Each structure stands twice: as structure tokens, then as C-alpha cells.
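Have a look at the structure below, then the notes.
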Amino acid sequence: MRNKLAEVLIAKGIVDTHVLDAIRKVPRHLFMDSGFEGHAYQDKAFPIAADQTISQPYTVAFQSELLKVEPGHKVLEIGTGSGYQTAILLQLKAKVFTIERQLELFKKTNLFFKKMGYRPKKVIFGDGYKGLPEEAPFNSIIVTAGAPEVPKALLSQLKVGGRLVIPVGVEEQIMTLFVRKSEKEFEKTELGAFRFVPLLEDKN
Ligand code: SAH
């Protein structure tokens, strides 16, 4: 079923062989809530705990491809959710730091990682708007919730040459890639419309 899902993603334009191999390997059904496992290899988003969603496989593959992960890269993920995107990044041999702001999901997914032997460098309960200054700079940063605006902290935590992939917008989001060209310069590319649950900022 995973091989078939990879074929569907190829038909939709995913070309990165490492990303496709990761899709073939990571058992998405184990990241789903009970009742939905049977649908795990459809190219669709599904509900998980705390009113959140496990992203659509095409979205996961599309964002992962844009990150250009190389083995050993330090990658920051905002929005751990089910942990599926985290597992894909680990399969790409990244050192993954992941942040989740919903306590219920943070606890559940952290426990699941331990049970399954997935080893992100850090799983953090907190507000991803602020990034993770103590571990910066990162080779890449992926935001898996819709951001009304681009958090400045995330841009500042990229290495020169590093990449931020972030869906920007409220009702609908435009997938946006920022590449840090120098300390001060960023190249911005917009890559089409997607729909995510919102990135929520902790105001306190
Ligand atoms: N990568 C996840 C996607 C989950 S949906 C997966 O593959 O399953 C997006 C997640 O972002 C939700 O779990 C939501 O709680 C979380 N989120 C929203 N705002 C956040 C913030 N400011 N900091 C960290 N996580 C946030």
C-alpha cells in the first residue's frame, strides 16, 4: 500500500527519490487515531487528537522535498502533531528538533516515539513561533501549520544557505520557501496553495 502511495505522489509531481523511499518505509497507519488506520495510505489528511490533523502525504512529501535534507542536517519542525512528518525527516537521516504547543499531543506523540524507537534529538512542548534559539542555527526549518505571518525568529535561526518552508495565510496558505542567501538577504519563492490547521501564537 505504501508503494502504491509513492506511485500516487510521483504522479502528482514528487521526484526526490529519498523522500519517496521514506514514504515507502514509514508506517503511516501507526501514526493515525484508531478508526482511521484503514485509510492511512490514501493521500488525505485525517483528524488526530486535540482537533488537529495528520498532514496529507502529498503535503508531507512536497514540504520534505523543498527542505533538501542531507544526512546529519539539523532540522527544526514546528507542529509535531502525530509525528509522521518527524518520522519522515528521521528516515532522511536528519537530526530533528520538533515543537508542539498542544500538551495532549506532545505527551501522546513523545510516548509513541519512545515506544517505536524513533529518536528525534528533542521533542519540545512550547511555542514554535519562537523557534529554538538554543539549538540554532538550523540547516532547515519546516512549519506544519498555517502561519498568518512569517515568524522573524525562524528566519533568524537559519544557517546561511538554510531553508525555511512555511505555509503562509489564514483561510488558505501559500507554501513559501525562504533561502538564506547571507546574514541579511533571503530569497523568497511561492509554491502554490494548501490548507493547514492554524499556527497559534502563545501571547504570554
Ligand atoms: N506534522 C504534523 C502536522 C500536525 S498539524 C503531522 O504530520 O501530523 C499542525 C500541528 O501544529 C498541530 O499539532 C498543532 O497543535 C501544532 N501547532 C500549532 N501552532 C503551534 C505553535 N505555535 N507551536 C508549535 N506547534 C504548533
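The numbers here are math on the coordinates, done by the rules we state, and not lab data. Quick caveat, the model's predicted, so the values are computed rather than measured. With ideal geometry, Cβ positions are generated from the backbone for all residues, glycine too; neighbour counts draw on all protein chains shown.
Couplings 3J(HN,Hα) for the stretch 181-190, derived from phi with the Karplus relation 6.51 cos²θ - 1.76 cosθ + 1.60 (θ = phi - 60°), are 8, 7, 3, 9, 9, 10, 9, 10, 10, 9 Hz, where x marks Gly and Pro.
Going down the list Lys25/Lys93; Lys12/Lys74; Lys95/Lys181; Lys93/Lys122; Lys4/Lys25; Lys152/Lys184, which pairs span over 19 Å between their C-alpha atoms?
Long pairs (Cα-Cα over 19 Å): Lys12/Lys74; Lys95/Lys181.
Taking the fewest neighbouring Cβ atoms within 10 Å as the starting point, the ordered list for Arg2, Arg28 is Arg2, Arg28.
What fraction of the Cα pairs in the stretch 81-201, stated in percent, has a spacing above 25 angstrom? Present the calculation step by step, with values, prior to reporting the outcome.
Details: 1556 of 7260 pairs.
When all Cα pairs of the stretch 81-201 are counted, 21 percent exceed 25 Å.
Applying the criteria of a DSSP loop state and at most 10 other Cβ atoms within 10 Å to the trypsin sites (Lys or Arg not before Pro) of the stretch 154-198 yields Lys184. The relative contact order of the chain comes to 15 percent, based on Cα pairs under 8 Å that sit 6 or more residues apart. If only the Cβ of Lys and Arg carry +1 and only the Cβ of Asp and Glu carry -1, the dipole of the stretch 97-204 around its Cα centre is close to 560 debye. Computed over the chain, the range of Cα coordinates on each principal axis works out to 47, 38, 35 Å, biggest value leading.
May I ask you to compute the full-extension gain from Thr189 to Lys115, defined as 0.36 nm times their residue separation minus their alpha-carbon distance, rounded to one decimal in nm? Don't skip to the end; give the middle numbers.
Numbers: separation 74, 0.36 × 74 = 26.64 nm, distance 3.85 nm.
Result for the pair: 22.8 nm of gain on full extension.
Considering only DSSP states other than H, G, I, E and B, which GluC sites (Glu not before Pro) in the stretch 100-200 qualify as loop sites with at most 16 other Cβ atoms within 10 Å? Intermediate results must be reported in sequence, preceding the final value.
Numbers: sites: Glu100, Glu104, Glu134, Glu135, Glu149, Glu171, Glu172, Glu183, Glu185, Glu187, Glu190; in loops: Glu149, Glu171, Glu172, Glu183, Glu185.
Answer by residue number: Glu149, Glu171, Glu172, Glu183, Glu185.
In this structure, the amide hydrogen of Gly162, modeled 1.01 Å from its nitrogen in the peptide plane, lies closer than 5 angstrom to those of Arg180, counting only residues at least 5 positions away or on a different chain.
Take Asp51, Asp16 and order them by how many other Cβ atoms sit within 10 Å, fewest up front. The partial results should precede the final answer.
Details: Asp51 9, Asp16 18.
With the sparsest Cβ surroundings first, the list reads Asp51, Asp16.
Couplings 3J(HN,Hα) of the stretch 96-110, computed from phi: 9, 10, 9, 10, 9, 9, 8, 4, 4, 5, 4, 5, 4, 6, 4 Hz, in residue order, whole Hz [Karplus 6.51 cos²θ - 1.76 cosθ + 1.60, θ = phi - 60°; x for Gly and Pro]. Between Lys181 and Asp21, the C-beta separation translates, for a Förster distance of 22 Å, into a calculated FRET efficiency of about 0.15.
Net charge of the neighbourhood of Leu9, taken over other residues with C-beta under 15 Å away and scored Lys/Arg +1, Asp/Glu -1, is +2. Computed from backbone phi, the HN-Hα couplings of the stretch 125-135 come to 8, x, 9, x, 4, 8, x, 9, x, 5, 10 Hz, rounded to whole numbers (Karplus: 6.51 cos²θ - 1.76 cosθ + 1.60, θ = phi - 60°; Gly and Pro given as x).
Normalised by the empirical 2.2 N^0.38 Å for globular proteins, what value does the Cα Rg of the stretch 70-109 take? Present the calculation step by step, with values, prior to reporting the outcome.
Working: Rg = 10.2 Å, N = 40, 2.2 N^0.38 = 8.9 Å.
In units of the globular-protein estimate, the stretch 70-109 measures up at 1.14.
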